[in-house]
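A short worksheet on the structure shown next.
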Ligand SMILES: C[S@@+](CC[C@H](N)C(=O)[O-])C[C@H]1O[C@@H](n2cnc3c(N)ncnc32)[C@H](O)[C@@H]1O
């Protein structure tokens, strides 16, 4: 059964098209529907390994754009010149250091496809989801430009209401979206957050 699920249509398509994971098609669907990423954008991709979102994002931002990926695991090297990857745990990353090291004054878009290790024990998993969400939201507050957009994977769980409320406080428009490429048995869902409100400004290094 597991082997059958792994080799579904999107898995096969990703292999044929040289993409590193079927997750790429989730981002593609989000982009087709919401038009989040533009040519020339600076994008931060959290939980980027093995790199299929980076592959898509690199093409979306083009030569004038930049894509920085962060993952707790190493991302196998990608050839596109507009991609930089960093190995780091987002819970322990000072994003202001990343901004200054990369000479970036803020991102136009932040994407987050992080999946915390889930145990199957609801209380434990909810705590992990909230911990990651808190760290990612802190990163977004520090590094996403006012007016910028944010895509984050979440899960149907009791903590979702609180997550949704926090996102609505910080963004002009928040949509909940489950791409067709997301397995129906998975509780994952994506928040598409458009227009960061300007009362949460990007902090810059002096
Ligand atoms: C579903 S995968 C992302 C797939 C990616 N979007 C792609 O298309 O290739 C989730 C990633 O989140 C990363 N991750 C989990 N916890 C993390 C943390 N605390 N900090 C950074 N990355 C983390 C995992 O290592 C994993 O590579």
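No lab work stands behind these numbers, since they all come straight from the coordinates. Since the structure is predicted, the reported quantities are computational estimates derived from the model, not experimental observations. For neighbour counting, all protein chains shown are included, and Cβ atoms are generated from backbone atoms with ideal geometry for every residue, glycine included.
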Label-point separation in nm, residue 101 to residue 63, each point 7 Å along Cα→Cβ
2.8
In a GNM of the chain with a 10 Å cut-off on Cα contacts, which of 175, 119, 154 has the highest mean-square fluctuation?
119
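Please report 124, 189 as a ranked list, fewest other C-beta atoms within 10 angstrom at the top and most at the bottom. Walk me through the intermediate numbers first.
Numbers: 124 12, 189 17.
In order of increasing Cβ crowding within 10 Å: 124, 189.
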GNM flexibility winner over the chain from 166, 13, 92 (Cα, springs under 10 Å)
92
Please label the shape of segment 2-196 as rounded, prolate or oblate, based on the square roots a ≥ b ≥ c of the eigenvalues of the alpha-carbon gyration tensor (a/c under 1.5 means rounded; beyond that, a/b larger than b/c means prolate, else oblate).
rounded
Segment 24-102 versus segment 162-184: alpha-carbon centroid distance in Å
19
If I build a Gaussian network model for the chain, linking alpha-carbon pairs within less than 10 angstrom, which residue out of 133, 56, 156 has the largest mean-square fluctuation?
156
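For an R0 of 22 angstrom, estimate the FRET efficiency from the Cβ-Cβ distance between residue 12 and residue 77 and round to the nearest 0.05. Let's see the in-between values first.
On the way: r = 24 Å, r/R0 = 1.11.
Once the sixth-power term is evaluated, E becomes 0.35.
So what's the back-of-envelope 222 nm ellipticity for the chain, counting only DSSP H runs of four-plus at -39500 (n - 2.57) apiece and dividing by all residues, rounded to 500? Write down the numbers at each step before the final one.
Working: 7 runs with 74 residues, N = 206.
Helix-only estimate at 222 nm: -10500 deg cm²/dmol.
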Largest first and rounded to whole Å, the semi-axes √(5λ) derived from the alpha carbon gyration tensor of segment 107-200 read 23, 15, 11
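Calculate, in nm to one decimal, what residue 92 and residue 124 gain on full extension: separation in residues at 0.36 nm each, minus their alpha carbon distance. Before the final figure, lay out each step's value.
Details: separation 32, 0.36 × 32 = 11.52 nm, distance 1.98 nm.
Extending this stretch completely gives an extra 9.5 nm.
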